[in-house]
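S.K.: Provided herewith is a single structure, encoded as structure tokens, for subsequent inquiry.
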């Protein structure tokens, strides 16, 4: 026992100065961040960390004082997070998300995005054709309570009025607009969350979402108001529907990973897809927020069809360039 205590004392005496030096530097960093250290001290930190790690290895190997081992373990753990852990600030992380992480995740899901968009377009075309040939199909896609009078029995004047006026028609139209936004937000969440079920619920949601759009446009097109209704929808719908499409793509990626995990286990494959999908969904929330602003302000204040469509086109170009333009480097 006396010999062991002597070894521990000598071991500590030979190396304790470096440990204390590392502990002092770590304390300064934890209080004020890396800026509290000079350039030489920043260079010194990894060297002191490796020395402490070596001391911990020796202390464990020769069974020195357990209190000393515990101290070194704690010191090395603190130093590890400084040397190897992320030290970016919240604003830097946020900038990295918008500059690289979100666009990179979206670009990685371009196939799933294409499938998701095609399914929604297929649903819209199908509903448009069905309602155009037989208006009775309209209630099968849009419940009467939510249509609020905008159905095949409405007059052309009333339908036109709902697109522009701000009186009672505006209030009724806002009810439908609020429903459509809430509906699309729910579709986005469920499309992502239910993707694990081999993509089937996600596919059904994409088609269903498209049918509502197609039925609405078919009604207005039957009265010669297709151009006007398209502007009313797309001024915010480009952003909103694109967000739903990306949510569907995230759901498809999870379902595909579960169905075809490759050499990985299904759990690992789904976890990887889920992490990428979660990044996409973080951006989807932002897009839905932007769509809400466009719906709540721009569409109500702007009544010129050309301007509405111009904003819709500009939104499409802006989102396309932002999300798919190649980027150099990766976020730190």
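S.K.: Looking at the range 127-143, is at least one residue modelled with pLDDT of 90 or more, part of a loop (DSSP other than H, G, I, E, B), touching a helix residue (DSSP H, G or I) at 6+ places or on another chain (Cβ under 9 Å) and assigned by TED's automatic domain parsing to the domain that holds residue 286?
M.R.: no
S.K.: Return yes when residue 311 is crowded, with 18+ Cβ neighbours inside 10 Å, touching a residue at least 40 places away in the same chain (Cβ under 8 Å), in contact with a helix residue (DSSP H, G or I) (Cβ under 6 Å, 6 or more places away or on another chain) and closer than 30 Å to residue 159 by Cα and no when it is not.
M.R.: Considered against the rule, which asks whether it is crowded, with 18+ Cβ neighbours inside 10 Å, touching a residue at least 40 places away in the same chain (Cβ under 8 Å), in contact with a helix residue (DSSP H, G or I) (Cβ under 6 Å, 6 or more places away or on another chain) and closer than 30 Å to residue 159 by Cα, residue 311 comes out as yes.
S.K.: Here's another thing I want to ask about it. Which helices (runs of 4 or more DSSP H) sit wholly inside the range 13-112 and have at least 2 residues that are more than 30 Å from residue 246 (Cβ to Cβ) and either within 38 Å of the chain's Cα centre (by Cα) or at pLDDT below 85 (or both)?
M.R.: 39-61, 66-83
S.K.: Here is a check on your reading of the model: is residue 271 surrounded by fewer than 20 Cβ atoms within 10 Å (Cβ to Cβ), farther than 30 Å from residue 312 by Cα and within 21 Å of the chain's Cα centre (by Cα)?
M.R.: yes
The values are calculated or read from the model by the stated rules, or taken from the named source; none is laboratory data. Please read all numbers here as calculations on a predicted model, not as lab measurements. Cβ: placed from backbone, ideal geometry, glycine included. Neighbour counts: every protein chain shown.
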